[in-house]
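Have a look at the structure below before the remarks.
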């Protein structure tokens with residue numbers, strides 16, 4: 001299966017050159033390659049792709065569809081080089097993977113998760129996750145950006161974070177409130193005391209002095225959310241670390257509407273702050289927020305001098 005592994009590496013390199021991070025695809029395609037090796041499959045076929053995608057058997061139809069979608073993307077690219085490659089049809093599985101409903105965190109929710117982090121058993125882990133969750137909550141950074149921060153990316157003198165080579169190869173600077181800078185300084189002091197000889201230059205460290213890995217951060221965050229008493233609001237709305245970013249964007253707009261700010265002027269700034277290529281990408285973060293929709297409705301009523309009684 002050296003040939004397929006090499007093809008997967010080439011495919012990931014091409015996609016990353018176009019600005020895609022491909023962390024999930026890399027993990028799933030690695031599993032797919034191992035599965036093909038186990039069953040003796042030398043080429044990608046529809047049958048093999050479906051059999052692998054529907055593992056484990058108890059998973060949701062949406063997860064099966066997502067797994068098959070990753071293989072479909074790879075197979076579509078590989079078919080240009082190997083005509084014998086079969087591309088699974090887009091509608092071959094009944095389940096369709098869609099975006100989860102955003103779990104909008106309140107300030108109390110974020111504080112509760114930070115408090116839960118302070119009860120973790122390992123001192124460095126306690127400080128790392130308390131600071132990491134707080135930073136995500138007040139900046140709207142992507143988790144991938146936060147765990148890739150180097151020590152030099154925290155510029156206390158200028159009061160900014162440098163996010164280098166993020167999604168689509170974009171870099172940006174994030175201005176920070178003095179209270180955030182102070183929290184980062186406290187973490188830095190504690191991190192240096194607890195891990196004086198780290199094995200990498202990352203700002204946030206694991207318990208063994210290496211860079212944090214998403215495969216570890218994700219289940220830890222899930223555990224902390226549970227300890228903080230955060231429960232799923234529906235089958236499609238569960239506490240996710242990415243929704244700290246969503247909650248930040250919504251909170252900025254809610255504050256802007258509530259203070260009669262210029263929302264049209266704030267949106268491009270928010271989009272830049274979040275690192276979006278286009279302001280249109282930011283609109284996804286503003287959906288499904290009842291408080292925001294209510295404020296928009298009230299502003300529209302004021303703008304058009306709407307009288308509910310006269311409309312009867």
**Asked** From the square roots a ≥ b ≥ c of the eigenvalues of the alpha-carbon gyration tensor of the range 174-277, which class results: rounded (a/c under 1.5), prolate (a/b over b/c), or oblate?
**Response** oblate
**Asked** Between residue 101 and residue 186, 0.36 nm times their residue separation minus their Cα-Cα distance comes to what?
**Response** 27.1 nm
**Complete:** Taking 0.36 nm per residue of separation between residue 27 and residue 242 and subtracting their Cα-Cα distance, the length gained on full extension comes to 75.5 nm
**Global geometry of the range 111-227, whether rounded, prolate or oblate, following the gyration tensor of its Cα atoms and the 1.5 cut on a/c** = rounded
**Prompt:** What length, rounded to one decimal in nm, is gained on full extension from residue 5 through to residue 193, with 0.36 nm per residue of separation minus their alpha-carbon distance?
**Reply:** 63.5 nm
**Message:** For the range 111-227, what does the relative contact order come out to in percent, with C-alpha contacts under 8 Å and a separation of six or more?
**Reply:** 29
**Request:** Evaluate E = 1/(1 + (r/R0)^6) for residue 255 and residue 167, where r is the Cβ-Cβ distance and R0 equals 25 Å; express this FRET efficiency to the nearest 0.05.
**Result:** 0.50
**Asked** Between residue 177 and residue 151, what FRET efficiency comes out of the Förster formula 1/(1 + (r/R0)^6) with R0 = 22 Å and r the beta carbon distance, rounded to 0.05?
**Response** 0.65
**Message:** For the pair residue 47/residue 233, report the inter-label distance in nm, with labels modelled 7 Å from Cα in the Cβ direction.
**Reply:** 4.6
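Every number in this text was worked out from the coordinates using simple rules, so none of it is lab data. A quick note: this is a predicted structure, and the numbers were derived from the prediction, not measured. Don't worry about glycine lacking a Cβ; one is built from the backbone with ideal geometry, like all the others, and counts go over all protein chains shown.
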